[in-house]
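Q: If you scroll down you'll find the structure; I have some questions about it.
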Amino acid sequence: MKKCTLLLLLAGILSTGYSQSITAFPDTTICSADSVMLYAVVDGSYGTESYTYAEIPYAPEPIGGTVHNMVDDTHTGPFSIGFDFCFFGQVYTQFYIASNGWISFLTPTGGMDVNWTPDGPIPFGAGVTPKPAIFGPWTDWHSGLCTNCIFHEVVGVAPNRKLIVTYEDVPLFSCTAFEGTFQFVLHETTNVIENHLTHVDVCPTWDLGVAVQGIINEDGTEAFSVAGRNATDWFADDESWRWIPDAITWYETATGIVVGTGDSIYVNPDVTTTYTAEITLCDGTIATDEVTVTVSTPYEVTLDVQQIACFGATNAWIDVDVTGNTNPITYTWSTGSTIDSIYDLGAGTYTITIQEEDGCAWEEDVVITEPPLLTLDTVLTVDVTCFGGSDGVVNLNPGGGVLPYQFSFDGINWQTDSNFISLEAGTYTFTVRDAFGCTTSFTGVVISQPPQIMVDAGPDQSIAYGQSVVLLGTTGAPVVTAISWSPVDYLSCIDCLQPTCTPTFNSTYVLTVTDANGCQASDSVNIWVDIDFVVPNAFSPNDDGLNDVFNISTDLLISYDIRIYDRWGAEVFHSTDINFGWDGKLGGLPQEIGTYVYVIKSTTTLNTPITKSGTITLLR
């Protein structure tokens with residue numbers, strides 16, 4: 001927004017004095033399409049030939065000053081107003097207070113005092129009608145039934161003093177349970193009258209039961225009253241009213257077109273224009289003064305603003321570009337800088353004023369904002385259920401910054417979900433990153449796990465084929481809900497810690513223990529089964545039916561190869577059939593009694609090789 005910068009020393013104008021009855025100011029220069037406020041100060045009392053009235057926000061003055069205790073249907077005074085007060089074109093310096101809710105500027109007659117309620121609507125010129133007077137409201141108040149209930153005082157300093165007259169909790173005549181509180185305020189210079197009604201009522205059963213709120217001139221020919229409150233039955237609570245006399249009139253000097261009223265107005269001329277401020281004073285004198293608003297050729301201003309990305313940073317900047325100016329430009333920043341742009345800014349409001357030499361001024365407030373502080377904490381953490389597991393959970397609660405967020409616990413992998421699952425036990429640092437790349441971290445998030453379940457399937461053991469062994473399983477789990485062995489073959493039980501095992505081949509058994517949390521741990525044990533066979537050391541092939549054949553008796557071999565040699569190394573027998581032994585012959589001929597050498601190569605049912613060699617004695 002463009003606006004003209006004015007350095008107005010109003011206090012100086014008021015204090016140094018001037019010769020005219022009205023002073024309008026300031027003569028100033030503005031940019032095209034701008035507006036400016038013009039002011040006028042009056043040296044004298046505003047005229048009061050006519051009035052307008054309006055309801056205003058309820059705002060009574062404080063109650064205080066001189067106390068008046070009055071009997072019913074009387075008046076007291078005169079008292080000094082404290083300043084010259086113009087009322088219907090007449091200047092008064094003193095006033096009277098009447099018990100029936102009105103003040104007058106001339107001495108009231110006895111008939112006015114006892115005329116406790118209006119005889120009819122004002123204006124009313126009868127001699128018993130109070131005048132010149134202010135009614136607020138005029139009805140039959142019984143001041144004789146209250147003490148310390150009527151006050152007056154003058155407050156403030158010239159030329160803005162005020163006379164305040166207050167009626168506080170004054171009962172109505174014949175309706176004494178009803179009490180009224182109301183106030184008159186007379187303003188110096190402007191001659192404005194205010195009437196504050198805290199609570200007022202009328203007594204409907206007494207006399208005419210009516211009241212007047214208004215003002216009347218000295219001869220009773222002119223009056224102004226609030227609509228519906230002129231000798232009528234009415235009441236009011238917490239209201240304020242204002243009677244406004246003649247005001248300052250503003251018009252274009254060249255055309256006479258009225259542009260506003262009051263002691264200040266806004267104008268926005270398209271071309272250089274002179275305005276006249278005019279006031280009719282209380283004595284009828286018309287005072288005027290002129291003020292000129294010069295309209296300068298405008299120039300264009302472009303602002304380029306870089307806002308703060310992260311809370312607390314000071315990296316914002318404002319760049320200003322001016323085009324279309326005729327004369328040199330000066331820059332004034334609220335930071336004190338006098339160049340066209342400023343940098344390294346924190347959050348705040350920065351004001352730039354651009355002034356063209358002999359031209360218009362341009363002023364703008366630039367607000368540098370920052371996002372809210374980026375925060376991060378946890379809403380929920382769930383520990384790992386079982387030792388070595390990966391079912392931990394962390395739910396994060398981000399705040400501030402600029403959405404959308406991303407989250408990470410290693411600074412490398414990022415996700416949009418603030419919930420992390422499938423976590424292993426450990427201590428984590430989580431980081432949130434907002435849309436502008438700002439980050440903050442929450443450290444020391446601990447995901448715990450229960451102790452490892454101790455399971456021992458026992459030591460590895462070796463047994464001979466056909467033997468049994470006890471598996472020595474143990475566990476340190478405080479509560480065991482399940483025990484299992486696998487495989488289940490050759491075990492006496494599969495749900496106990498120490499079953500008896502009778503395998504026929506090498507076996508590995510796995511013991512699994514489940515605790516109260518459903519966690520499992522396992523261990524294994526090896527059982528080695530030893531397979532061997534016995535080789536005879538002699539035989540007697542004499543056909544007696546006893547020990548006539550040299551051979552091996554076993555079912556635990558899957559391959560078999562035997563060779564027998566005489567003492568000179570000659571092979572006398574060879575067989576791959578375990579059921580076909582040597583009968584002591586070679587080529588059908590019995591061999592000599594003596595010692596022979598054998599070599600047996602075999603493979604057991606466990607697929608283990610066994611090679612044996614030795615001597616055998618042939619007997620007859």
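The values are calculated or read from the model by the stated rules, or taken from the named source; none is laboratory data. Source: prediction; values computed, not measured. All Cβ positions, glycine included, derive from the backbone under ideal geometry; neighbour counts span all protein chains shown. All accessible areas refer to the heavy atoms of the entire protein, side chains included, with ligands and DNA or RNA removed. Shrake-Rupley method; radii C 1.70, N 1.55, O 1.52, S 1.80 Å.
Q: Looking at the chain, what % of its DSSP beta bridges pair antiparallel, to the nearest 5?
A: Details: 171 of 181 bridges.
Bridges in the chain that DSSP calls antiparallel: roughly 95 percent.
Q: Just for region 335-473, what percent of DSSP beta bridges are antiparallel, to the closest 5?
A: Numbers: 29 of 29 bridges.
Close to 100 percent.
Q: Which three numbers, in whole Å and largest first, are the semi-axes of the equivalent ellipsoid of region 32-128 derived from its Cα gyration tensor as √(5λ)? Let's see the in-between values first.
A: Values: eigenvalues 233, 64, 50 Å².
Ellipsoid half-lengths, sorted descending, are 34, 18, 16 Å.
Q: For every other residue with a beta carbon closer than 12 angstrom to the beta carbon of Asp340, add +1 if it is Lys or Arg and -1 if Asp or Glu, then tell me the sum. Working shown, then result.
A: Working: positive: none; negative: Asp304, Asp319, Asp321.
The answer is -3.
Q: May I ask which residue of Pro130, Ser553, Ala482 lies farthest towards the positive end of the charge dipole of the chain, with charges of +1 (Lys, Arg) and -1 (Asp, Glu) on Cβ and the Cα centre as origin?
A: Of the candidates, Ser553 comes out farthest on the positive side.
Q: Ok, one more. Under a Cβ-only charge scheme (Lys and Arg +1, Asp and Glu -1), can you give me the dipole magnitude of the chain about the Cα centre, in debye to the nearest 20?
A: On the way: 14 positive and 73 negative charges, 524 e Å.
For this selection, approximately 2520 debye.
Q: What is the distance in Å between the Cα centroid of region 366-380 and that of region 518-578?
A: That distance is 86 Å.
Q: What does the accessible area per residue of region 262-308 come to in Å², with a 1.4 Å probe and no ligands, DNA or RNA counted? Intermediate values should be presented prior to the final figure.
A: Details: 2350 Å² over 47 residues.
With the other protein chains kept in place, region 262-308 gives 50 Å² per residue.
Q: For every other residue with a beta carbon closer than 15 angstrom to the beta carbon of Val445, add +1 if it is Lys or Arg and -1 if Asp or Glu, then tell me the sum. Before the final figure, lay out each step's value.
A: Working: positive: none; negative: Asp377, Asp383, Asp410, Glu424.
Local net charge: -4.
Q: Can I ask one more? So, with +1 on the Cβ of K and R and -1 on the Cβ of D and E, and no other charges, what is the size of the charge dipole of region 212-347 about its Cα centre, to the nearest 20 debye?
A: On the way: 2 positive and 21 negative charges, 63 e Å.
Value, rounded to 20: 300 debye.
Q: Please work out the Kirkwood hydrodynamic radius for region 399-469, using every pair of different C-alpha atoms, and report it in angstroms with one decimal place. Show your work: numbers first, answer last.
A: On the way: mean 1/r = 0.0617 Å⁻¹.
Hydrodynamic radius (Kirkwood, Cα only) of region 399-469 equals 16.2 Å.
Q: A further question on this structure: Rounded to the nearest whole Å², what accessible area per residue is found for region 402-557 with the 1.4 Å probe? Before the final figure, lay out the partial values.
A: Details: 8460 Å² over 156 residues.
On a per-residue basis, region 402-557 sits at 54 Å².
Q: When only alpha-carbon atoms are used, what values of Rg and Dmax, in angstrom, describe the chain?
A: 59.3, 183
Q: In square nanometres and to one decimal, what's the mean projected area of the convex hull around the Cα atoms of region 348-480? Numbers along the way, then the final one.
A: Working: hull surface 56.8 nm².
In nm², the orientation-averaged hull projection of region 348-480 is 14.2.
Q: Same structure again: So what's the gap between the Cα centers of region 195-236 and region 403-442, to the nearest angstrom?
A: 76 Å
Q: Sticking with this one: Can you give the local net charge around Pro328? Use residues other than it whose beta-carbon is closer than 11 angstrom to its beta-carbon, Lys and Arg +1, Asp and Glu -1. Each step should come with its number before you reach the end.
A: Values: positive: none; negative: Glu356, Glu357, Asp358.
Summing Lys/Arg as +1 and Asp/Glu as -1 gives -3.
Q: Along Cα→Cβ, 7 Å out, is where each label goes; now give me the distance between the ones at Trp568 and Asp532 in nm to one decimal.
A: Taking the two extended label points, one gets 3.6 nm.
Q: Treating each Cα of region 456-528 as an identical point scatterer and ignoring solvent, apply the Debye formula and state log10 I(q)/I(0) at q = 0.11 Å⁻¹.
A: Taking Cα atoms of region 456-528 as identical point scatterers yields -0.25.
Q: What is the distance, in nm, between label points placed 7 Å from the Cα along the Cα-to-Cβ direction at Ser484 and at Gln94?
A: Result for the modelled spin labels: 11.8 nm.
Q: Charges on Cβ only, +1 for Lys and Arg, -1 for Asp and Glu, centred on the Cα centroid of the chain; of Gly587, Pro450, Thr604, which one is farthest towards the dipole's positive end?
A: The residue sitting farthest along the positive end of the dipole is Gly587.
Q: Next question, about the same structure. For the chain, what number of Lys pairs, 8 or more residues apart or on separate chains, have alpha-carbon atoms under 25 Å from each other?
A: Values: Lys131/Lys162; Lys585/Lys601; Lys585/Lys612; Lys601/Lys612.
So the count works out to 4.
Q: Projecting each Cα onto the charge dipole of region 367-449 (Lys/Arg +1, Asp/Glu -1 at the beta carbon, about the Cα centre), which of Val394, Cys438, Leu423 comes out farthest on the positive side?
A: It is Cys438, whose Cα lies furthest towards the positive end.
Q: Averaging over every viewing direction, what projected area does the convex hull of the Cα atoms of region 465-620 cover, in nm²? Write down the numbers at each step before the final one.
A: Details: hull surface 46.0 nm².
Approximately 11.5 nm², given one-decimal rounding.
Q: With no solvent and one point on each alpha carbon, what is the Debye value of log10 I(q)/I(0) for region 229-341 at q = 0.12, 0.19 Å⁻¹?
A: Cα-only, vacuum Debye calculation for region 229-341: -0.78, -1.05.
Q: Evaluate the charge dipole of region 517-620 about its Cα centre and quote only its size in Debye, nearest 20, assuming +1 on the Cβ of each Lys and Arg and -1 on the Cβ of each Asp and Glu. Don't skip to the answer; put the middle values down first.
A: Numbers: 6 positive and 13 negative charges, 54 e Å.
Result for region 517-620 is approximately 260 debye, rounded to the nearest 20.
Q: When the accessible area of the chain is computed with all protein chains present and a 1.4 Å probe, what percentage of it is carbon and sulfur?
A: Values: 15320 of 29870 Å².
The nonpolar share, carbon plus sulfur, comes to 51 percent.
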